[in-house]
């Protein structure tokens, strides 16, 4: 009786009971060390990775950048139009080429330089992965990469154009946001608001052009994926006002298959664009996909790890 | 009600004797509890690396995970480790992406673990002791019973546990795409290197 009325003893008893209660629990927990480790592990930030196989979706970019210290050699080829028929071997008799190098300065910042046979264009860009899609401890729905590029047309030569064509006239600029979400392991979708400024334009074009691109990929197997990419240019000139096909402009549409093998990514494409700088395929595509002026093409990349990751 | 008839000093004496009685009664329990906690001898890994290596026809593949957590009970010999597969670091980052995306399917199976028992060692022995570990190894969502050799070495209050064993990819349902089969061996050599300190 006293035991339960005296405050001191009450406290002692409580402690004792608590101890007796806890001891079997502790013994139980000890049996499963792995369960204890799992309980002890904190929730981490899980970044989405491999949203796309390569740095290119079709003609344009994906949110992917090169990893620090890795160099990608990209070899892009666009044949003539399939509508050329058997005489042109369905376009295979002609080809336009872009040869480029992409280098990862950091895991999020890449720099590139390339040469494109269309208009003998040199182009370069910086590509910066600003935000990454993540789940777990920190959640963010999309990966956002910003691209700033510049292209310089070497063609035509000065004397062909007569006097008046200055260096600045050959330049064009691209500012682009790439916004992608990897919805599932097999499905990724990307939006590409794009701004292009051309210093010199044809009479029916405007200097500043805005386009919205969208596209995505569906993985068929671990190494093979189907891709699609479409750029809608809001400032395309009206084709009804011109007769010469040279001045006609269409939006670019691309369908492709990505095949990845080790350090290579092969992308086989069907597209109506032949130019491979943003200026060329977003603002100067002269072929109409739906009229059958489709070109077969491919992008092949090879990645070299120049600096070892520590 | 008779309590109320007693003087305060009487109550105090009575309580004191009662406390002593209870202490005597429960002493074996206290002893048991302290023995129990002593017998735990829990060790936590302060440095734990799991790495693997494979000879490829074209290039060797190696990676290390230094963010492994592990507990070792030196009395029962029970041991467990747990890691995030994404924490494997490769010299070649592209390989790291492929490892996670194509082979380990990290989004689906984020963790890899081992739970088992180390037998054949003494905490008081000096030098390297050859031991055996048996238990369940979980990789790529597949659990297999393994039985592997290793060593335990006691250095002061630190305990170093090492092991090297071969993991066959097919046992864990890890499929290497046909197109790159030449590049990747069908088995890898796993190295365990843990240093434990007492809890």
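For the range B:57-68, state whether one or more residues are more than 8 Å from chain A (Cβ to nearest Cβ), at pLDDT 90 or above, within 22 Å of residue A:54 (Cα to Cα) and touching a helix residue (DSSP H, G or I) at 6+ places or on another chain (Cβ under 7 Å).
No, the conditions are met nowhere in the range B:57-68.
Only one of these is within 14 Å of chain B (Cβ to nearest Cβ) and in contact with a helix residue (DSSP H, G or I) (Cβ under 6 Å, 6 or more places away or on another chain): A:275, A:262. Name it.
A:262
When the residues of the range A:287-307 are narrowed to those that are in contact (Cβ under 8 Å) with a residue 60 or more places away in the chain, surrounded by fewer than 18 Cβ atoms within 10 Å (Cβ to Cβ) and in contact with a strand residue (DSSP E or B) (Cβ under 9 Å, 6 or more places away or on another chain), which ends up nearest to residue A:84 (Cα to Cα)?
A:292
Counting residues that are more than 14 Å from every other protein chain (Cβ to nearest Cβ) and touching a residue at least 40 places away in the same chain (Cβ under 8 Å), which strands (runs of 3 or more DSSP E) fully inside the range A:66-171 reach at least 1?
Per the criteria, A:70-81, A:95-104, A:109-116, A:121-131, A:143-153.
May I ask you to say which residue of B:152, B:97, B:176 is touching a strand residue (DSSP E or B) at 6+ places or on another chain (Cβ under 7 Å) and surrounded by 13 or more Cβ atoms within 10 Å (Cβ to Cβ)?
Within the list B:152, B:97, B:176, the selection yields B:152.
Here's the yes/no breakdown for (1) at pLDDT 90 or above; (2) assigned to a helix (DSSP H, G or I); (3) more than 9 Å from chain A (Cβ to nearest Cβ):
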residue: B:23; (1), (2), (3): no, yes, yes
residue: B:28; (1), (2), (3): no, yes, yes
residue: B:31; (1), (2), (3): no, yes, yes
residue: B:75; (1), (2), (3): no, no, yes
residue: B:96; (1), (2), (3): yes, yes, no
residue: B:99; (1), (2), (3): yes, yes, yes
residue: B:107; (1), (2), (3): yes, no, no
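What's the total number of residues in the range B:64-92 that are surrounded by 20 or more Cβ atoms within 10 Å (Cβ to Cβ) and over 14 Å from the mean Cα position of the chain (by Cα)?
3
Search the range A:189-235 for residues being part of a loop (DSSP other than H, G, I, E, B) and in contact with a strand residue (DSSP E or B) (Cβ under 8 Å, 6 or more places away or on another chain), and hand back the single one that is surrounded by the most Cβ atoms within 10 Å (Cβ to Cβ). Show your work before the answer.
First, the residues of the range A:189-235 that are part of a loop (DSSP other than H, G, I, E, B): A:199-207, A:220-223, A:234-235.
Narrowing the set further to residues that are in contact with a strand residue (DSSP E or B) (Cβ under 8 Å, 6 or more places away or on another chain) leaves A:199, A:205, A:207, A:220, A:223, A:234-235.
Numbers: A:199: 14, A:205: 16, A:207: 12, A:220: 13, A:223: 20, A:234: 9, A:235: 15.
For the range A:189-235, the residue satisfying everything is A:223.
Residues that are more than 13 Å from the chain's Cα centre (by Cα) and closer than 30 Å to residue A:80 by Cβ: does the range A:126-148 have at least one?
no
So residue B:140 clears everything in (1) more than 8 Å from chain A (Cβ to nearest Cβ); (2) surrounded by fewer than 16 Cβ atoms within 10 Å (Cβ to Cβ) except one condition, right? Which one?
Condition not satisfied by residue B:140: (2).
Which ones in the range B:172-194 are within 16 Å of residue B:52 (Cα to Cα) and at pLDDT 85 or above?
Those that are within 16 Å of residue B:52 (Cα to Cα) and at pLDDT 85 or above: B:172, B:174, B:187, B:188, B:189, B:190, B:191, B:192, B:193, B:194.
Considering only the range B:75-94, state which residues are over 25 Å from residue A:107 (Cα atoms) and in contact with a strand residue (DSSP E or B) (Cβ under 6 Å, 6 or more places away or on another chain). Step through it out loud before you land on a result.
Pass one, the range B:75-94, residues over 25 Å from residue A:107 (Cα atoms): B:75-82.
Across the range B:75-94, the qualifying residues are B:77, B:78, B:79, B:80, B:81, B:82.
The values are calculated or read from the model by the stated rules, or taken from the named source; none is laboratory data. Here the structure is a predicted model, which is why all the values come from computation and not from measurement. Don't worry about glycine lacking a Cβ; one is built from the backbone with ideal geometry, like all the others, and counts go over all protein chains shown.
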